[in-house]
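*Asks:* First, the structure itself, so that you have it in front of you.
The values are calculated or read from the model by the stated rules, or taken from the named source; none is laboratory data. This is a predicted model, so every value here is computed, not measured. With ideal geometry, Cβ positions are generated from the backbone for all residues, glycine too; neighbour counts draw on all protein chains shown. Side chains are part of the model used for accessible areas, which takes the heavy atoms of the whole protein and leaves out ligands, DNA and RNA. Shrake-Rupley method; radii C 1.70, N 1.55, O 1.52, S 1.80 Å.
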2 protein chains.
Amino acid sequence: MKLSTIDNGTRDGFLVVVSADHERATSAAGIAATMQEALERWTEVQPQLQELNYALERGAISDVVNFSEAKIMAPLPRSWQWLDGSAFDSHGELMSKVFGIDPPARDRPLMYQGISNQFLGPRDDVPMPSEADGIDFEGEFGVIVDEVPMGVTPEQALAHIRLIVQINDWSLRAIAPIEMKTGFGWVQAKPPCSVAPVAVTPDELGASWRDGRVDLPLLVDWNGKRFGAAGGYPMSFSFPELVAHAARTRTLCAGTIIGSGTVSNENFREVGSSCIAELRGIELLDYGEARTSFMAFGDTVRMEARTASNAPLFGAIEQRVVSAHA
Amino acid sequence: MKLSTIDNGTRDGFLVVVSADHERATSAAGIAATMQEALERWTEVQPQLQELNYALERGAISDVVNFSEAKIMAPLPRSWQWLDGSAFDSHGELMSKVFGIDPPARDRPLMYQGISNQFLGPRDDVPMPSEADGIDFEGEFGVIVDEVPMGVTPEQALAHIRLIVQINDWSLRAIAPIEMKTGFGWVQAKPPCSVAPVAVTPDELGASWRDGRVDLPLLVDWNGKRFGAAGGYPMSFSFPELVAHAARTRTLCAGTIIGSGTVSNENFREVGSSCIAELRGIELLDYGEARTSFMAFGDTVRMEARTASNAPLFGAIEQRVVSAHA
């Protein structure tokens, strides 16, 4: 099942069910007004949404929206909680070299809490205060859970993963190492993320939902040029493990989003990267200096992961960075 | 003006205006249903709430609640954003000694983003998973803002500080240094905070709202015994500076709560501390070892800051720690 949120002038938009080909959508208003509401009442509404989905696919719904022309918001335009992991070891190792710090310990997941009161839609312009901050994208996968009790095991956590999403976790690299050095994590270095149009139930991935990971490449294009196609499988901790880690001392509220961290593979020289900082890290290793600049105002980034049979899955993030003070 | 939120079985409760002596309260339902709604429409609703407050004080309201017997929630029972500073230098220095790390740089505020989907009420039991996690309280002051544009100056930020609150930022000390070492900040080490009953407009503090700081002692009692009475004035960064810091690369949504970090004074040997970790740090300096244990299940903590003339201000946090798995 595929779900999305369409803008109606409110902060939360309205929930729609989306056809497999992303051509059509229909309002789920009779079932749940918003994505947040659906997640809070998931076990009750899921069968009804599924029914609506079947009806949409077989052409039994008359009130249909042209999805490609709709003003699409993030599937969950704001969330009570966004916890982002960093579960790809090759990313952590490169970043440690860039920051000049020890590589992270691998005995427990890395995770920070980030801004969640706004997630940008997949085609929204991205306002940033200054190019001097080192504007960078970070392609990720994420999961959305319903309420997760404190102290769950990874096995129990798996059942609470209701939706999978594709995220651009915007980062400001000139600020990131300064904040990281404090041990307090990032505030200024992490403005709101962007999210691809469609949130999907795990079954939509078929065999590509593998060991609690998204076993698909994330295609990243910067200014129209392929930048990376790293695969989502080599996570050192699975999504269920990340969820259990997050729930160790807190109940996770319905609608909590948990991110994978930047998708990154050991063979980055072949597949490329999902953020500029990684490429700069590689350049640092190769040439003793970073040669690629971070993003400029007007730059675009496109991110999409398609199914193993090359069908649309989350839809694409296609965005432009602009000056917040223009 | 004093505002509070009373439990009605919903996550957000309902907004009430509270009398100066904390004896009576009356519903603000005709003006704003919830604290979040009031903050989103602050400039519009503030004069109406103020009128209601005057009417309550002069006995012109018939529909009055006995406030001391009401089931009081946190003034904002959940928020879209909680950003906690650490603005008391003497706390940072002691903590660095405890953690065996360099003292924090003082050129910019320290700040992390914490769990905000739940703030416990002032008398709620506090469920914790394990005594082995090193359960500690942290007495703080905090401010609540209406929407703050990205890039404001501290001078501009001051006008967005609409309410002042008193907070217990619960901490798990066995986990804190492990998470801090990653540079990602705290997730497991920071379960939901508790908040004192009443949120007050800055004018309620009179001259004790001084240079954007709360110039009042925070009285902390652990198991009925005075533990600390540190003053809120010696912040190295003021609340307007903390707000401006937070808004450097993001718009702060209405209802964002910004914390001071543990209230701490240089003369801690005289005034005591607002968290156990500080006392343990002092013991480490004095005896080469920490002698005071962290909290046990069943322990209570009470925190209250009163006005300069010893009148009630925020009301008191009075809580008991319990096992989450009992």
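*Asks:* Over the stretch A:85-200, what portion of Cα pair distances is larger than 20 Å, expressed as a whole percent? Walk me through the intermediate numbers first.
*Replies:* Details: 3338 of 6670 pairs.
Counting every Cα pair in the stretch A:85-200, those more than 20 Å apart make up 50 percent.
*Asks:* Just reorder B:97, A:181 by solvent-accessible area, largest first, 1.4 Å probe, all chains present. Present the calculation step by step, with values, prior to reporting the outcome.
*Replies:* Values: B:97 115, A:181 165 Å².
Order by accessible area, largest first: A:181, B:97.
*Asks:* Specify which residue in the list B:172, B:81, A:151 is farthest towards the positive end of the charge dipole of the protein assembly as shown, using unit charges on the beta carbon of Lys, Arg (+1) and Asp, Glu (-1), about the Cα centre.
*Replies:* B:172
*Asks:* By accessible area of protein heavy atoms, probe 1.4 Å, what ranking do B:21, A:203 get, highest first?
*Replies:* Numbers: B:21 75, A:203 105 Å².
If we order B:21, A:203 from most to least accessible, we get A:203, B:21.
*Asks:* So what is Rg over Rh here for the stretch B:66-125, counting just Cα atoms and using Kirkwood for Rh?
*Replies:* We get a ratio of 1.16 for the stretch B:66-125.
*Asks:* Which order do the peptides B:187-200, A:24-37 come out in when sorted by mean C-beta neighbours inside 10 angstrom, highest first?
*Replies:* Going from most to least packed, we get B:187-200, A:24-37.
*Asks:* What nm distance separates the two modelled labels at residue A:226 and residue B:159, each placed 7 Å from Cα along Cα→Cβ?
*Replies:* 5.3
*Asks:* Report the local net charge at residue B:135: Lys and Arg +1, Asp and Glu -1, summed over other residues whose C-beta lies under 9 Å from its C-beta. Provide the component values of the computation, followed by the final result.
*Replies:* Values: positive: B:173; negative: B:131, B:133, B:136, B:299.
Local net charge: -3.
*Asks:* By DSSP, what percent of the beta bridges with both residues in chain B are antiparallel, rounded to the nearest 5? The partial results should precede the final answer.
*Replies:* Details: 49 of 56 bridges.
The antiparallel fraction comes to roughly 90 percent.
*Asks:* Enter the mean projected area of the convex hull around the alpha-carbon atoms of the stretch B:121-274, in nm², rounded to one decimal.
*Replies:* Across all orientations, the stretch B:121-274 yields a mean hull projection of 10.1 nm².
*Asks:* Compute the Cα gyration tensor for the stretch B:25-132, then decide on rounded, prolate or oblate, letting a ≥ b ≥ c be the square roots of its eigenvalues: rounded whenever a/c is under 1.5, prolate when a/b is larger than b/c in the other cases, and oblate in all that remain. Could the numbers behind the result be given before it?
*Replies:* On the way: a/c = 2.80, a/b = 2.00, b/c = 1.40.
Prolate, because a/c is 1.5 or more and a/b exceeds b/c.
*Asks:* Sticking with this structure for a sec: Could you give me the ³J(HN,Hα) list for the stretch A:173-187, computed from phi with Karplus coefficients 6.51, -1.76, 1.60 and θ = phi - 60°, whole Hz, x at Gly and Pro?
*Replies:* 6, 6, 9, 3, x, 5, 5, 5, 4, 6, x, 8, x, 9, 10
*Asks:* Okay, moving on. Considering all alpha-carbon pairs of the stretch B:226-326, what whole percent are spaced by more than 20 angstrom?
*Replies:* I get 57 percent for the Cα pairs in the stretch B:226-326 exceeding 20 Å.
*Asks:* Whose amide H sits under 5 Å from the amide H of residue B:256, counting only residues 5 or more places off or on another chain, with H placed in the peptide plane?
*Replies:* Those qualifying (amide H under 5 Å, at least 5 residues apart or on another chain) are B:145.
*Asks:* To continue, here is another question. If you take the accessible area of A alone plus B alone and subtract the pair, what total do you get in square angstrom, rounded to 100, with a 1.4 Å probe?
*Replies:* 4200
*Asks:* If you don't mind, another one. Please compute the contact order of chain B in relative form: average sequence separation of alpha-carbon pairs under 8 Å and at least six residues apart, divided by the residue count, as a percent.
*Replies:* On the way: 808 pairs, mean separation 73.9, N = 326.
The value is 23 percent.
*Asks:* Now for a different question. Relative to the first principal axis of the alpha-carbon coordinates of chain B, what is the inclination of helix B:42-57, with its axis defined by its Cα atoms, in degrees from 0 to 90 and to the nearest 10?
*Replies:* 80
*Asks:* Would you tally the net charge around residue B:257, using a Cβ to Cβ cut-off of less than 13 Å, leaving residue B:257 out, and scoring K and R as +1, D and E as -1?
*Replies:* Details: positive: B:78, B:162; negative: B:84, B:140, B:146, B:169.
Computed value for this residue: -2.
*Asks:* Right, here's the next one. Can you compute the FRET efficiency between residue A:292 and residue B:150 using 1/(1 + (r/R0)^6), with r the Cβ-Cβ distance and R0 = 22 Å? Round to the nearest 0.05. Write down the numbers at each step before the final one.
*Replies:* Details: r = 27 Å, r/R0 = 1.22.
Working from the Cβ atoms, E equals 0.25.
*Asks:* Which percent of the accessible area of the stretch B:225-326 is formed by carbon and sulfur heavy atoms (probe 1.4 angstrom)?
*Replies:* That share works out to 47 percent.
*Asks:* Simple spin-label model, 7 Å along Cα-to-Cβ: residue B:101 to residue B:311 in nm?
*Replies:* Label-label distance for residue B:101 and residue B:311, simple model: 4.3 nm.
*Asks:* May I pose another question? Determine the shape class of the stretch B:1-82: with a ≥ b ≥ c the square roots of the Cα gyration tensor eigenvalues, call it rounded for a/c under 1.5, and otherwise prolate if a/b is greater than b/c, oblate otherwise. Intermediate results must be reported in sequence, preceding the final value.
*Replies:* On the way: a/c = 1.99, a/b = 1.23, b/c = 1.61.
Here the stretch B:1-82 falls in the oblate category.
*Asks:* Roughly how crowded by other chains is peptide A:117-124, in terms of the mean Cβ count from those chains within 10 Å of each of its Cβ atoms?
*Replies:* Averaged over the peptide's residues, the number is 2.
*Asks:* Tell me, in nm to one decimal, what length is gained between residue B:21 and residue B:269 on full extension, where the rule is 0.36 nm per residue of separation less the Cα-Cα distance? Don't jump to the answer; show the numbers that get you there.
*Replies:* On the way: separation 248, 0.36 × 248 = 89.28 nm, distance 3.29 nm.
Separation in residues times 0.36 nm, less the Cα-Cα distance, equals 86.0 nm.
*Asks:* Report the per residue volume, in Å³, of the convex hull enclosing the C-alpha atoms of the stretch B:166-209.
*Replies:* Considering the Cα atoms of the stretch B:166-209, their hull volume per residue is 106 Å³.
*Asks:* Cα convex hull of the stretch A:94-146: how many Å³ per residue? Don't skip to the answer; put the middle values down first.
*Replies:* Values: hull volume 8.4 nm³, N = 53.
Looking at the stretch A:94-146, the number lands at 158 Å³ per residue.
*Asks:* Moving on to the next point. Throw me the Rg/Rh for the protein assembly as shown, computed over C-alpha atoms with Kirkwood Rh, two decimals. Walk me through the intermediate numbers first.
*Replies:* Numbers: Rg = 24.6 Å, Rh = 25.4 Å.
Reported Rg/Rh, Kirkwood definition of Rh: 0.97.
*Asks:* May I ask you to derive the FRET efficiency for residue B:58 and residue B:131 from their Cβ-Cβ distance with R0 = 45 Å, giving the value to the nearest 0.05?
*Replies:* Step by step, r from the Cβ atoms, then E = 0.35.
*Asks:* Also: Which whole number gives the average, over all residues in B:28-36, of C-beta atoms from other chains lying within 10 Å of the residue C-beta?
*Replies:* Working: counts 0, 0, 0, 0, 0, 0, 0, 0, 0.
If you average over the peptide's residues, the count of other-chain Cβ atoms is 0.
*Asks:* Report, in deg cm²/dmol and to the nearest 500, the calculated mean residue ellipticity at 222 nm for the protein assembly as shown, where each DSSP H run with n ≥ 4 adds -39500 (n - 2.57) and the sum is divided by the residue count.
*Replies:* Helix-only estimate at 222 nm: -6000 deg cm²/dmol.
*Asks:* What distance in nm separates the simple spin-label points at residue A:300 and residue B:211, each placed 7 Å from Cα in the Cβ direction?
*Replies:* 5.2
*Asks:* Continuing with the same structure: Residue A:108 to residue B:29: FRET efficiency via 1/(1 + (r/R0)^6), r the Cβ-Cβ distance, R0 60 Å, to the nearest 0.05?
*Replies:* Working from the Cβ atoms, E equals 0.80.
*Asks:* Gain in length, residue A:10 to residue A:48, computed as 0.36 nm per residue apart minus the alpha-carbon separation, to one decimal in nm? Let's see the in-between values first.
*Replies:* Values: separation 38, 0.36 × 38 = 13.68 nm, distance 2.41 nm.
11.3 nm is the gain from fully extending residue A:10 to residue A:48.
*Asks:* How much space per residue, in cubic angstrom, does the convex hull of the C-alpha atoms of the stretch A:123-184 take up?
*Replies:* Details: hull volume 9.0 nm³, N = 62.
So the per-residue hull volume is 146 Å³.
*Asks:* Residue by residue, what Karplus-based ³J(HN,Hα) values in Hz, rounded to whole numbers, does the stretch A:155-168 have, using 6.51, -1.76 and 1.60 with θ = phi - 60° and x for Gly and Pro?
*Replies:* 4, 5, 5, 3, 5, 8, 7, 9, 9, 10, 9, 10, 10, 10
*Asks:* For the stretch A:261-325, which GluC sites (Glu not before Pro) are in a loop by DSSP, counting at most 14 other Cβ atoms within 10 Å?
*Replies:* Filter output for the stretch A:261-325: A:266, A:289.
*Asks:* Grab the other residues whose beta carbon is less than 13 angstrom from that of residue B:43, score K and R as +1, D and E as -1, and report the net.
*Replies:* Values: positive: B:41, B:162; negative: B:40, B:44, B:146, B:147.
With Lys, Arg at +1 and Asp, Glu at -1, the net is -2.
*Asks:* A follow-up question, please. Are there GluC sites (Glu not before Pro) in the stretch A:168-252 that DSSP puts in a loop and that have at most 13 other Cβ atoms within 10 Å, and which ones?
*Replies:* Taking the stretch A:168-252 and a limit of 13 other Cβ atoms within 10 Å, no loop GluC sites (Glu not before Pro) are found.
*Asks:* Going by accessible area, probe 1.4 Å, with all protein chains left in place, what is the ranking of A:136, A:286, A:63, largest first?
*Replies:* A:63, A:286, A:136
*Asks:* Compute the long axis of helix A:89-99 from its Cα atoms, compare it with the longest principal axis of the Cα atoms of chain A, and write down the angle in degrees, 0 to 90, nearest 10.
*Replies:* Computed tilt is about 40 degrees.
*Asks:* How long are the semi-axes of the ellipsoid equivalent to chain B, from square roots of 5 times the Cα gyration tensor eigenvalues, in whole Å, largest first?
*Replies:* Values: eigenvalues 194, 96, 67 Å².
Rounded to whole Å, the semi-axes are 31, 22, 18.
*Asks:* Mind listing the phi-derived Karplus ³J(HN,Hα) values for the stretch B:14-30, rounded to whole Hz, using 6.51, -1.76 and 1.60 with θ = phi - 60°, and x for any glycine or proline?
*Replies:* Computed from phi, the couplings for the stretch B:14-30 are 10, 6, 10, 9, 10, 5, 4, 8, 6, 8, 10, 9, 9, 4, 9, 3, x Hz.
*Asks:* Can I ask one more? Keeping all protein chains in place, calculate the accessible area per residue for chain B (probe 1.4 angstrom), answer in Å².
*Replies:* 36
*Asks:* While we're looking at this one, here's another question. Evaluate peptide B:237-250: per residue, the Cβ atoms of other protein chains within 10 Å of its Cβ; return the mean as an integer.
*Replies:* Numbers: counts 0, 0, 0, 0, 0, 0, 0, 0, 2, 3, 3, 9, 17, 11.
The per-residue average across the peptide is 3.
*Asks:* Please report the relative contact order for the stretch A:54-137, taking Cα pairs under 8 Å with a sequence separation of at least 6, and give it as a percent rounded to a whole number.
*Replies:* Value for the stretch A:54-137: 36 percent.
*Asks:* Residue separation times 0.36 nm, minus the C-alpha to C-alpha distance between residue B:322 and residue B:41: what's the value?
*Replies:* Contour length minus the Cα-Cα distance gives 97.4 nm.
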